[in-house]
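The values are calculated or read from the model by the stated rules, or taken from the named source; none is laboratory data. This is a predicted model, so every value here is computed, not measured. Here the Cβ positions follow ideal geometry from the backbone for every residue, glycine too, while neighbour counts run over all protein chains shown.
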Amino acid sequence: MLSTNRSTRRQLELHNDRLPISRLPAEVLSQVFAYASHSVWDRGSWDRSIPAVCRRWRNVALGTTSLWTRFEIYDDSEALRYAHLCSSRVPTAVGLEVVVDLLGDSWDEILPEDTEECTQYAHHVFTSIINIGGLTSRWKSFSTHTKRFDACIASLDFIRSSDLPLMEYLEIVNFIEEKEDDWETHRAQVNSSGVLDLAPQLLFQSLPPRLRTLKLINVPGPYVFGHPSPQITGLTHLQLAVFINDYDLHPLNKVLDANPRLRTLSLSFTPTSDEHVEFTGGDQLLPKIQLHDLEGLSLLGINSSMWALSLILMLDAPNVKRLGLGISCAANRDEFEQNRSLLRQVAWSSRALTEQFQPYFPQVTHLSYSFRGHPAIDLELLLDAYPGLRSLSIESDRCLTPLMYGTPWRVPTLEHLRVLEPKKLKSLRKTVVARHEAGLRLKNVEVVCKRESSEGDAGEDAEEDSEEDSEEDSEEDSRRGYKAG
């Protein structure tokens, strides 16, 4: 009987191998087309125009609405023509997904000081989308990416002046390179624009009733905080990276209070002043924010640990499962102690260790950690407080020591390990092997290495690593990640 079943299964497999794709049900073909449309294609390696397609494929594709609802506008006139084609094939009642990249050669040709031309060009792009039928009243989601501060402001102003009744997802990302010079240049542009000194701005002309996800990266604070009219309400996902003049928790308290259903929250605040900005509100008692649906909390790129500590104390979020912490390097002894105070609060729910201590977020199973200073010592504190972690993401291999030794071993339930920019792959291998030999086998280890420059000049860390590790292992580990076991 078993052999008969195997024979039947094999015959079916052979039949499926010979089945022409043209004979697949229309529903299956439609799903295949939709799946392929979300793949990342190199625009220069394929021709958007296909010379001949069978009638059945064409009919199925034209009937698959999801293929035509996504507009991707980039620095190419062909993209706008294709978006026009898509617009003509989508019923007016169907929401559109609009992605606009304000990047490319045309933008690079605009001088940094020519703010007016940059702003006008951004408005020209948005107006072109509307002219081809992409009315904002049809937008279901909108994402725009730029490296120009003026284009970011133009995007915010455009959103403020638009009617967005169907909007569910809004993303405005102002990219800034990690290089110190790029950050300083960008901060100088923000300061010279005077936008941080403006009165609080309306983010929306009228609140989008369906908006659930908001992502604003490297935008000025007045566009987010301070306006008396509620601007951000009813969200389930909120990610903010904001330029500010000074730290103040009151505006953020009001925003979070208006979004009690948040499931993920990511915050990063960057002062633009050349001088060190102190947080002076540590003694203020702000209303406790009930966020019982919150599962993901990230405080990355925080320059004031006392501000982050006060924020955490302001939250009642007992169900957080994914926690991200990233505090800048302490410049002096006081800042070092402030960093430690934040860690103790997260680990012990108090500034001092007690026999009956409980972690501040008892449900955490994933930790992303990128503290500077004494990473191994600080990480030990967190790992001892959260022994049930199943996933850990750390910055640099200097944090591996707490995972390699211990009596008993720390986080015995750990299954997934992610290491960013390790200097020595040998340290990672030793850690994986040591835990494996102790019966604490990791299921997956991911290595994320810094991308080399286009000229092919590797950094000093990469050179040291290539000297110690074989060329084959280094290339494989860097490109694909080291898989344990």
(request) Tell me, yes or no, whether the range 50-64 has at least one residue that is under 21 Å from S143 (Cα atoms), of a type in the set (G, A, S) and modelled with pLDDT of 65 or more. (result) no
(message) If I ask for residues that are surrounded by fewer than 17 Cβ atoms within 10 Å (Cβ to Cβ) and under 17 Å from V448 (Cβ atoms), which ones from the range 393-411 would you list?
(response) R398
(message) Taking the condition of being of a type outside the set (D, E, K, R) and at pLDDT below 85, how many residues in the range 340-369 meet it?
(response) 6
(message) Considering only the range 398-414, I want to know if a residue exists there that is farther than 17 Å from E437 by Cβ and modelled with pLDDT of 95 or more.
(response) yes
(request) Sort through E437, E337 and tell me the only one that's assigned by the TED database to the domain that holds N303, surrounded by fewer than 21 Cβ atoms within 10 Å (Cβ to Cβ), over 20 Å from I312 (Cβ atoms) and of a type in the set (D, E). (result) E437
